[in-house]
Protein chains: 2
Amino acid sequence: MERRRDDGIGLDELALAARNHGMPLEAMRADITPAGMHYLLMHYDVPFVDPSSWALSLGGFQRPMDLTLDELRARPAETAPVTLECAGNGRAMFETRPLSQPWLLEAVGTAEWTGTPLAPLLEEAGIPDDTIEIVFTGLDRGLEGGEESSYERSLPIAEALRDDVLLVYEMNGQPLLPQHGAPLRLVVPGWYGMTHVKWLGRIAPTSERFEGYQQAVAYRLRSHEDEPGRPLERMRVRSLMVPPGLPTFPERERVLSAGPTTLEGRAWSGSGAIERVQVSVDGCAAWTDAELEPSPAPYAWHRWTFDWTAPPGEHDLACRATDAAGATQPLDAEPNLGGYANNAVHRVHVTVTS
Amino acid sequence: MERRRDDGIGLDELALAARNHGMPLEAMRADITPAGMHYLLMHYDVPFVDPSSWALSLGGFQRPMDLTLDELRARPAETAPVTLECAGNGRAMFETRPLSQPWLLEAVGTAEWTGTPLAPLLEEAGIPDDTIEIVFTGLDRGLEGGEESSYERSLPIAEALRDDVLLVYEMNGQPLLPQHGAPLRLVVPGWYGMTHVKWLGRIAPTSERFEGYQQAVAYRLRSHEDEPGRPLERMRVRSLMVPPGLPTFPERERVLSAGPTTLEGRAWSGSGAIERVQVSVDGCAAWTDAELEPSPAPYAWHRWTFDWTAPPGEHDLACRATDAAGATQPLDAEPNLGGYANNAVHRVHVTVTS
């Protein structure tokens with residue numbers, strides 16, 4: 001199933017790229033990504049759920065319960081901007097990749113999510129003493145390796161009890177759209193996108209490590225098929241640049257007039273705030289600090305800007321971020337079997353005309 | 001620039017597929033396509049327009065005027081469901097194609113558009129006697145063949161004066177999203193998507209045939225570079241099927257349990273109502289009529305259904321539509337230089353398990 005970059009993208013990969021979608025990078029001009037510009041990955045088909053006949057099942061707790069959408073909406077509500085990025089973002093930039101969604105750079109977005117905190121609900125339901133993880137089951141179904149299954153992921157109990165983990169029913173002040181998980185999805189700030197289970201049907205405690213497909217097989221950093229690998233969890237530090245100037249069509253090369261201009265973009269990390277963004281205008285030889293704005297919430301992206309007097313000619317721009325944990329984006333990311341977590345510096349070639 | 005299907009999709013084509021997006025075919029379960037599932041093609045970058053400092057300019061008329069969004073909203077409003085399809089839908093299904101957005105099948109959607117009719121506004125502005133076309137200029141800018149230009153298209157005066165042509169500021173009951181043309185776009189029911197100019201800045205009459213890039217070079221049916229070709233106008237008759245059963249990931253093959261099932265999909269044409277949809281369950285050898293529902297508006301898609309008792313095994317399903325003008329979808333569409341208007345029958349392979 002290995003694909004090489006030189007071989008082009010297969011029709012099977014294109015079929016995934018046609019239904020899933022990335023965020024056009026100019027959307028980073030906005031603090032909050034508009035609905036329909038936010039990235040979207042759907043493993044199976046989008047379920048169209050009738051909210052009037054739907055209920056969230058909390059099974060296996062000391063006091064099992066079913067909750068309707070109205071009951072969930074009647075609970076305390078919180079709203080937070082949260083940056084979500086797919087763990088496979090950058091997959092198609094690796095020299096080799098597996099058959100999967102061929103993301104280039106755009107699998108990210110920052111929406112304002114509204115929902116009710118998960119932890120108080122789990123406490124009310126009563127968490128059995130031997131619980132080590134909480135399992136979240138979506139209503140979306142498909143076949144993985146010949147086995148029919150629902151999309152399911154687990155969280156360690158300590159993560160599930162964080163006070164910023166939400167059961168979300170609104171995005172950007174509107175009812176959740178079908179493709180974003182209506183009527184209810186999970187949002188776990190800081191974690192890669194596969195964690196934020198959409199179309200939630202059931203939440204259950206478990207006393208054993210959850211070994212479902214999306215946890216034990218997919219979404220792990222591995223070099224070989226026969227090693228268990230490390231699970232993907234928090235988003236690696238990353239920055240992206242709004243491609244400056246005007247695009248050509250259909251090549252999407254960038255053309256800019258000479259003179260003063262302001263480069264801008266966003267930076268984020270699942271391991272704390274961004275401490276620094278640097279820009280290179282000479283192909284990653286020299287780096288200069290960009291202006292970094294504070295982020296509006298602990299797990300929402302920061303805006304950065306960089307004033308540049310563009311001289312005529314061909315230029316290779318780049319940006320890289322460093323987070324509070326001290327991690328900096330690499331020039332090239334380490335290859336891995338699943339094509340995950342490619343947070344290499346973002347490079348943008350521009351032609352500056354006099 | 002010619003690409004062959006066997007050569008795979010280039011990274012340049014993937015970059016287009018990552019930012020533009022198709023409608024996941026299961027969205028055809030809904031009469032109205034939710035925001036964010038509707039197809040989207042952006043030639044250049046999405047402009048983020050501040051509606052408070054924006055006005056629509058009607059220049060070159062007998063009584064030129066500028067209209068704010070509030071002034072446009074104060075005019076008579078109409079709402080209609082309209083099916084929009086990209087003229088390049090199906091491009092990547094041709095054996096050869098040019099470098100452009102590599103659509104497979106999903107470049108379609110049906111939204112409920114709200115706006116004010118164009119014709120009364122043109123009459124108020126006063127159409128010069130020698131007018132033969134109306135030119136619509138978007139605020140999106142880019143380079144085509146080295147020339148910087150705005151996205152511009154014209155309509156013959158008779159089409160511009162149709163009473164169902166709207167200047168649209170709402171989609172599905174919400175303010176137009178940035179990527180769908182906020183604050184104002186054109187909607188010309190029945191025509192391919194390139195006509196519905198987004199981010200409208202200016203409307204002007206012309207006494208000569210408009211020869212802008214998007215009119216005279218792009219969006220024409222041609223066999224050779226040196227022929228002028230025929231302009232693309234109304235959408236060809238087409239039907240699509242919701243892929244039945246469950247998908248595998250990542251291959252997106254379809255697996256269905258044996259027994260009674262209902263196939264469903266949508267059908268539309270820019271040349272009048274759909275008269276007939278037929279389904280084949282044996283690889284296009286025999287065709288049987290599907291149940292066809294009336295369409296909710298003259299240029300919105302029809303829903304169709306087909307009851308099938310699925311026997312175990314491998315099956316090649318297909319659907320094809322016939323419109324009121326008598327046109328039927330072909331088994332294979334005629335190749336053309338731009339890869340346009342590929343309305344070949346939709347084929348879906350399914351594995352039925354006992």
### Selection count, the stretch B:285-304, where residues are touching a residue at least 40 places away in the same chain (Cβ under 8 Å) and surrounded by 15 or more Cβ atoms within 10 Å (Cβ to Cβ)
7
### Message
Is it the case, given these coordinates, that B:A111 is surrounded by 21 or more Cβ atoms within 10 Å (Cβ to Cβ) and more than 30 Å from A:R254 (Cβ to Cβ)?
### Response
yes
### Message
Take the conditions at pLDDT 95 or above and of a type in the set (G, A, S) and apply them to B:G313. Does it pass?
### Response
yes
## Note on the structure
Per the filter on the stretch A:228-246, residues closer than 30 Å to A:V352 by Cβ, touching a residue at least 12 places away in the same chain (Cβ under 8 Å) and not β-branched (V, I, T) are A:R238, A:S239, A:L240, A:M241, A:P243, A:P244, A:G245
### Message
Given the condition of a type in the set (D, E, K, R), under 18 Å from the mean Cα position of the chain (by Cα) and under 18 Å from A:Y340 (Cβ atoms), answer yes or no: does some residue in the stretch A:236-250 qualify?
### Response
yes
## Note on the structure
Scanning the stretch A:177-188 residue by residue, those within 12 Å of A:W54 (Cβ to Cβ) and not small (G, A, S) turn out to be A:P183, A:L184
### Query
Out of all the residues in the stretch A:59-104, which are acidic (D, E) and surrounded by 15 or more Cβ atoms within 10 Å (Cβ to Cβ)?
A:E85
### Query
Can you name the condition, by its number, that A:S269 falls short on among (1) buried (at least 21 other Cβ atoms within 10 Å of the Cβ); (2) of a type in the set (G, A, S); (3) farther than 29 Å from A:R162 by Cβ?
(3)
### Message
Of all residues being among the polar types (S, T, N, Q) and under 23 Å from A:A324 (Cα atoms) in the stretch A:246-271, which is farthest from the other protein chains (Cβ to nearest Cβ)? Just the residue, please.
### Response
A:S271
### Task
Take B:G272 and decide whether it is modelled with pLDDT under 95, over 30 Å from B:R5 (Cα atoms) and either more than 21 Å from the chain's Cα centre (by Cα) or not in a strand (DSSP E or B) (or both).
yes
### Query
What number of residues within the stretch B:43-54 are touching a Pro at 6+ places or on another chain (Cβ under 7 Å) and more than 7 Å from chain A (Cβ to nearest Cβ)?
3
### Summary
Sole miss for A:A92 among (1) hydrophobic (A, V, I, L, M, F, W, C); (2) in a helix (DSSP H, G or I); (3) more than 14 Å from chain B (Cβ to nearest Cβ) is condition (3)
### Filter result for A:P183 (more than 14 Å from every other protein chain (Cβ to nearest Cβ) and more than 16 Å from A:H38 (Cα to Cα))
no
### Task
Filter the stretch B:48-89 for residues that are in a strand (DSSP E or B), closer than 30 Å to B:N342 by Cα and not small (G, A, S) and give the result.
B:T79, B:P81, B:V82, B:T83, B:L84, B:E85
### Message
Going through B:P81, B:P117 one at a time, which residue ends up being in contact with an Asp or Glu (Cβ under 8 Å, 6 or more places away or on another chain), at pLDDT 95 or above, more than 25 Å from B:G36 (Cβ to Cβ) and away from chain A (no Cβ under 14 Å)?
### Response
B:P117
### Residues satisfying the stated conditions in the stretch B:210-227, i.e. touching a residue at least 40 places away in the same chain (Cβ under 8 Å) and either basic (K, R) or within 18 Å of B:T195 (Cβ to Cβ) (or both)
B:F210, B:G212, B:Y213, B:Q214, B:Q215, B:V217, B:A218, B:Y219, B:R220, B:L221, B:R222
### Query
Quick check: anything in the stretch B:199-208 under 20 Å from B:Y44 (Cβ atoms) and within 14 Å of chain A (Cβ to nearest Cβ)?
yes
### Complete set of residues in the stretch B:12-26 that are facing another protein chain (nearest Cβ under 7 Å) and more than 19 Å from A:A27 (Cβ to Cβ)
B:D12, B:P24, B:E26
### Message
Of everything in the stretch B:322-342, what is polar (S, T, N, Q) and within 19 Å of B:A218 (Cα to Cα)? Give them in sequence order.
### Response
B:N336, B:N342
### Query
Out of B:S154, B:S149, which single residue is assigned to a strand (DSSP E or B) and within 14 Å of chain A (Cβ to nearest Cβ)?
B:S149
### Message
Among (1) more than 14 Å from every other protein chain (Cβ to nearest Cβ); (2) in contact with a Pro (Cβ under 7 Å, 6 or more places away or on another chain); (3) buried (at least 23 other Cβ atoms within 10 Å of the Cβ), there is one condition A:I127 misses while meeting the rest; what is its number?
### Response
(3)
### Query
Does the stretch A:1-10 include one or more residues that are within 7 Å of chain B (Cβ to nearest Cβ) and in a loop (DSSP other than H, G, I, E, B)?
yes
### Message
Can you pull out every residue in the stretch B:198-242 that is in contact with a Lys or Arg (Cβ under 7 Å, 6 or more places away or on another chain), assigned to a loop (DSSP other than H, G, I, E, B) and of a type in the set (K, R)?
### Response
B:K198
### Task
Filter the stretch B:311-345 for residues that are part of a strand (DSSP E or B) and surrounded by 22 or more Cβ atoms within 10 Å (Cβ to Cβ) and give the result.
B:L317, B:A318, B:C319, B:R320, B:A321, B:D323
### Message
Against the conditions (1) of a type in the set (S, T, N, Q); (2) within 14 Å of chain B (Cβ to nearest Cβ); (3) within 29 Å of B:P47 (Cα to Cα); (4) buried (at least 17 other Cβ atoms within 10 Å of the Cβ), where does A:Q214 fall short? Just the number, please.
### Response
(3)
### Query
Taking the condition within 16 Å of A:H21 (Cβ to Cβ), outside any loop (DSSP other than H, G, I, E, B) and either among the β-branched types (V, I, T) or within 11 Å of chain A (Cβ to nearest Cβ) (or both), does B:A35 pass?
no
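The values are calculated or read from the model by the stated rules, or taken from the named source; none is laboratory data. Everything numeric here is computed off the predicted structure, so don't read it as measured data. Backbone-built Cβ (ideal geometry, glycine too); neighbour counts: all protein chains shown.
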